[in-house]
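Peer 1: Got a structure here, written out as structure tokens. Questions coming.
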Amino acid sequence: MYLNSIFSDPERVAKLMDIAKTSLQPMLEGAVTYTIPLTIISFIVGLILAVLTALGRISHIKIFRGIARVYVSIIRGTPLLVQLFIIFYGLPNLGVTLDPFISAIIGFSLSVGAYASEIIRAAIVSTPKGQWEAAYSIGMSYTQALRRIILPQAARVSIPPLSNSFISLVKDTSLASLVLVTEMFRRAQEIASRNYEFLLVYSEAALIYWVICFFLSILQQWVEKRLDRYTS
């Protein structure tokens, strides 16, 4: 019924086409200037945090295991949106005021770090014990065995699930609009609030997200095929 009413009115169709054209550029600008950089920076920082947390979880030192376990439990047990609100809206009560973009990076990095740490930890634990024993037998220390033997194998196993986490992060960045980051979805909200064409504008935003994730999926498949060449 809604579509019939649109296509039966040429002026309405022309207006929607004009809105679609004019809204595309600002949303793409939001994706290039905020969404994609926010995703990349947060994932890199989160990945570093994930490796440290994973190593903490398998550490022989109890305090490291405890800190890592509590961190993962808190982040996995609370909504990402609540975490962003605490960082951006809550910390000012303690005298800590952060830029919206920095707040989003911190929130997303903490989230990636917690979830990715479990992926990396599982990959490390799944490495055959014989690999450790072989490393020790040739005189390697625990750190050397971990760095030269275990982590490279764990990295290859971790690539597929970590790639999925990266793709999910692209979509999660839309939550940054709620802490005043003018990323792509924030631009879509601003445009839709002016012309009231919510279905059109939000559908256009969804299409852009899908295109980005589609190309990332292709890249993921290419990386996995490259890694398969080194397995036998």
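Residue-wise test of (1) buried (at least 16 other Cβ atoms within 10 Å of the Cβ); (2) over 20 Å from the mean Cα position of the chain (by Cα); (3) of a type in the set (Gly, Ala, Ser); (4) under 21 Å from Arg57 (Cα atoms).
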| position | (1), (2), (3), (4) |
| --- | --- |
| Arg121 | yes, no, no, yes |
| Thr127 | yes, yes, no, yes |
| Tyr142 | no, yes, no, yes |
| Leu151 | yes, yes, no, yes |
| Asn164 | no, no, no, no |
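Peer 1: Looking at Leu84, Leu49, which one is surrounded by fewer than 21 Cβ atoms within 10 Å (Cβ to Cβ), part of a helix (DSSP H, G or I) and out of contact with any strand residue (DSSP E or B) (no Cβ under 9 Å at 6 or more places or on another chain)? Step through it out loud before you land on a result.
Peer 2: Working: Leu84 fails: surrounded by fewer than 21 Cβ atoms within 10 Å (Cβ to Cβ).
Only one candidate qualifies: Leu49.
Peer 1: Still on this structure, I have one more. Given the conditions (1) surrounded by 13 or more Cβ atoms within 10 Å (Cβ to Cβ); (2) farther than 20 Å from Ile75 by Cβ, which single one is not true for Ser137?
Peer 2: Ser137 satisfies every listed condition except (1).
Peer 1: Among the residues of region 194-232, which ones are among the small types (Gly, Ala, Ser) and modelled with pLDDT of 85 or more?
Peer 2: Within region 194-232, Ser203, Ala205, Ala206, Ser217 meet the criteria.
Peer 1: Taking helices (runs of 4 or more DSSP H) that fall entirely within region 94-171, which contain at least 2 residues that are of a type in the set (A, V, I, L, M) and free of Cβ contacts under 8 Å to residues at least 40 places away in the same chain?
Peer 2: Once the helices (runs of 4 or more DSSP H) in region 94-171 are filtered for at least 2 residues that are of a type in the set (A, V, I, L, M) and free of Cβ contacts under 8 Å to residues at least 40 places away in the same chain, what remains is 100-125, 129-137.
Peer 1: If you go through region 176-232, how many residues are without any contact (Cβ under 8 Å) to a residue 40 or more places away in the chain, of a type in the set (D, E, K, R) and farther than 21 Å from Gln25 by Cβ?
Peer 2: 4
Peer 1: I need the full set of residues from region 181-214 which are outside any helix (DSSP H, G or I) and loosely packed, with under 15 Cβ neighbours inside 10 Å, in order please.
Peer 2: Correct list: Tyr196 only.
A quick yes/no check of all residues on (1) among the polar types (S, T, N, Q); (2) at pLDDT below 90; (3) touching a strand residue (DSSP E or B) at 6+ places or on another chain (Cβ under 7 Å):
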| position | (1), (2), (3) |
| --- | --- |
| Ile124 | no, yes, no |
| Pro128 | no, yes, no |
| Ala145 | no, yes, no |
| Arg148 | no, yes, no |
| Ala154 | no, yes, no |
| Leu162 | no, no, no |
| Phe166 | no, no, no |
| Leu169 | no, no, no |
| Ser174 | yes, no, no |
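Peer 1: Moving to a separate point now. Give just the number: which of (1) of a type in the set (Gly, Ala, Ser); (2) more than 29 Å from Asp99 (Cβ to Cβ); (3) exposed (fewer than 12 other Cβ atoms within 10 Å of the Cβ) does Ser217 not satisfy?
Peer 2: Condition not satisfied by Ser217: (3).
Peer 1: I'd like to check something: does region 58-70 contain any residue that is free of Cβ contacts under 8 Å to residues at least 60 places away in the same chain and within 19 Å of the chain's Cα centre (by Cα)?
Peer 2: No, region 58-70 contains no residue that is free of Cβ contacts under 8 Å to residues at least 60 places away in the same chain and within 19 Å of the chain's Cα centre (by Cα).
Peer 1: If you don't mind, there's one more thing I want to ask. Given (1) at pLDDT below 95; (2) surrounded by fewer than 14 Cβ atoms within 10 Å (Cβ to Cβ); (3) under 25 Å from Leu162 (Cβ atoms), identify the lone condition not met by Val70.
Peer 2: Looking at each condition in turn, Val70 falls short on (1).
Peer 1: I would also like to ask the following. Just the residues that are more than 16 Å from Asp172 (Cα to Cα) and either surrounded by fewer than 20 Cβ atoms within 10 Å (Cβ to Cβ) or among the charged types (D, E, K, R) (or both), please, taken from region 88-115.
Peer 2: Tyr89, Gly90, Leu91, Pro92, Asn93, Leu94, Gly95, Val96, Thr97, Leu98, Asp99
The values are calculated or read from the model by the stated rules, or taken from the named source; none is laboratory data. Everything numeric here is computed off the predicted structure, so don't read it as measured data. Backbone-built Cβ (ideal geometry, glycine too); neighbour counts: all protein chains shown.
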